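This report refers to the structure that appears directly beneath it.
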Amino acid sequence: MTGASNGIGYELAKQFAQNGFDLLVTATGASINEAAQAFEGLGAKVETVQADLATYDGVEMLYNQIKATNRPVEAIAINAGVGVGGDFARETDLKDELNLINLNVVSSVHLAKRVVKDMVDRGQGRILFTSSIAALMPGPFEAVYAASKAFIHSFSEGLRNELKDTGVTVTSLMPGPTDTNFFHRAGMDDTKAGADKKDHPAEVAKQGFEALMAGKDNIIAGSLKTKILGSASKVLPDTVNAELHSQLTKPGSANQ
């Protein structure tokens, strides 16, 4: 379970703990140890790993810890991610965007590469990737983030098809705007998306966990409003989706 110290990852870890799973959870900072105490309070045995998954060595450290448990991975939630908001040409920092790609995309592929082979060899396993409804539309003013989530969704669906006869399932979790620290960390407090009411991460996590357990290919998770938005974006032209998205994510749009 990656990115488990807060937000959707924290709530996903609680879902696993409440449903009889023991946990190995990871995040960058020491806050993962506080989160682990909450998971243990739900009856789970919990191990923690502090690792920067935006680095190759961080992912390898996590996988080595997984192997050291000498227990099979029944399910994994590959959830760690970050956003960067702002005008690509004039505002955002390349270093931040390359870090986003390393965490959201590269680490997800890297960790999946390590874990999925073990699952296939064993003939069972469940993989949950946290994508986003942003995967279904171009994302002005968070263009690299939306592209990273489109990658994860496509990767998830492609991998699922490859594994259809192996006993391993892959599920893409696509939340809408969710009440976490995502928008603040992405520098998007002054956007309409950052300021508007959002879905609760516990609701998103519960729907995602249930979809994973049911072996579904993907789920647009959250409120009815989010589900309608996600479904509509599948049929609208990309140019229309991009314009609609920009109204939510343009800097200063919170005050318009």
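Out of all the residues in segment 122-129, is one or more part of a helix (DSSP H, G or I) and either touching a residue at least 60 places away in the same chain (Cβ under 8 Å) or among the β-branched types (V, I, T) (or both)?
There is no residue in segment 122-129 that is part of a helix (DSSP H, G or I) and either touching a residue at least 60 places away in the same chain (Cβ under 8 Å) or among the β-branched types (V, I, T) (or both).
With the condition being touching a residue at least 40 places away in the same chain (Cβ under 8 Å), out of contact with any Ser or Thr (no Cβ under 8 Å at 6 or more places or on another chain) and within 21 Å of I228 (Cβ to Cβ), I'd like the helices (runs of 4 or more DSSP H) fully within segment 144-216 carrying at least 3 qualifying residues. Break it down stepwise before answering.
Values: elements: 182-185, 192-195, 201-214.
It comes to 201-214.
Out of the residues in segment 140-161 meeting the condition of being polar (S, T, N, Q) and buried (at least 20 other Cβ atoms within 10 Å of the Cβ), tell me which one is farthest from S253 (Cα to Cα). Don't jump to the end; show me each part of the working.
Here is the first cut: in segment 140-161, the residues polar (S, T, N, Q) are 148, 154, 156, 161.
Narrowing the set further to residues that are buried (at least 20 other Cβ atoms within 10 Å of the Cβ) leaves 148, 156.
Working: S148: 23, S156: 32 Å.
Step by step, filter segment 140-161, then rank; the result is S156.
I want to confirm something. Restricting to segment 23-59 and keeping residues that are touching a residue at least 40 places away in the same chain (Cβ under 8 Å) and outside any strand (DSSP E or B), which single residue is surrounded by the fewest Cβ atoms within 10 Å (Cβ to Cβ)?
As a first pass, look at segment 23-59 and keep what is touching a residue at least 40 places away in the same chain (Cβ under 8 Å): 24, 26-27, 53-56, 58-59.
Of the ones still in play, those that are also outside any strand (DSSP E or B) are 53-56, 58-59.
Values: L53: 27, A54: 19, T55: 16, Y56: 12, G58: 22, V59: 26.
Residue satisfying both the conditions and the ranking: Y56.
Identify all residues within segment 230-251 that are outside any loop (DSSP other than H, G, I, E, B) and hydrophobic (A, V, I, L, M, F, W, C); write none if there are none.
Result: A232, V240, A242, L244, L248.
Condition test on D179, is it surrounded by fewer than 21 Cβ atoms within 10 Å (Cβ to Cβ) and over 15 Å from the mean Cα position of the chain (by Cα)?
no
Table: residues versus (1) open to solvent by 80 Å² or more (accessible area, probe 1.4 Å); (2) within 14 Å of G81 (Cα to Cα).
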{"site": "T92", "(1), (2)": "no, no"}
{"site": "I101", "(1), (2)": "no, yes"}
{"site": "N104", "(1), (2)": "no, yes"}
{"site": "K113", "(1), (2)": "yes, no"}
{"site": "V116", "(1), (2)": "no, no"}
{"site": "V120", "(1), (2)": "no, no"}
{"site": "G125", "(1), (2)": "no, no"}
{"site": "T130", "(1), (2)": "no, yes"}
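Answer yes if at least one residue in segment 94-117 is more than 22 Å from the chain's Cα centre (by Cα), at negative phi and β-branched (V, I, T), and no otherwise.
No: segment 94-117 contains no residue that is more than 22 Å from the chain's Cα centre (by Cα), at negative phi and β-branched (V, I, T).
Please go through segment 203-239 and give me each residue that is aliphatic (A, V, I, L, M), more than 22 Å from P138 (Cα to Cα) and either modelled with pLDDT under 95 or open to solvent by 40 Å² or more (accessible area, probe 1.4 Å) (or both), ordered by number.
Those that are aliphatic (A, V, I, L, M), more than 22 Å from P138 (Cα to Cα) and either modelled with pLDDT under 95 or open to solvent by 40 Å² or more (accessible area, probe 1.4 Å) (or both): M213, A214.
Looking at segment 69-90, is at least one residue open to solvent by 50 Å² or more (accessible area, probe 1.4 Å) and part of a helix (DSSP H, G or I)? Before you say what the answer is, go through the steps one by one.
If we filter segment 69-90 for residues that are open to solvent by 50 Å² or more (accessible area, probe 1.4 Å), which is where we start, we get 70-72, 74, 88-90.
Subsequent filtering for residues that are part of a helix (DSSP H, G or I) retains none.
No, segment 69-90 contains no residue that is open to solvent by 50 Å² or more (accessible area, probe 1.4 Å) and part of a helix (DSSP H, G or I).
The values are calculated or read from the model by the stated rules, or taken from the named source; none is laboratory data. The shown structure was predicted, so the numbers you read here are calculated from the model rather than taken from an experiment. Neighbour counts are summed over all protein chains in view; Cβ atoms, including those assigned to glycine, are modelled from backbone coordinates with ideal geometry. These accessible areas exclude ligands, DNA and RNA; they are computed on the full protein's heavy atoms, side chains included. Shrake-Rupley method; radii C 1.70, N 1.55, O 1.52, S 1.80 Å.
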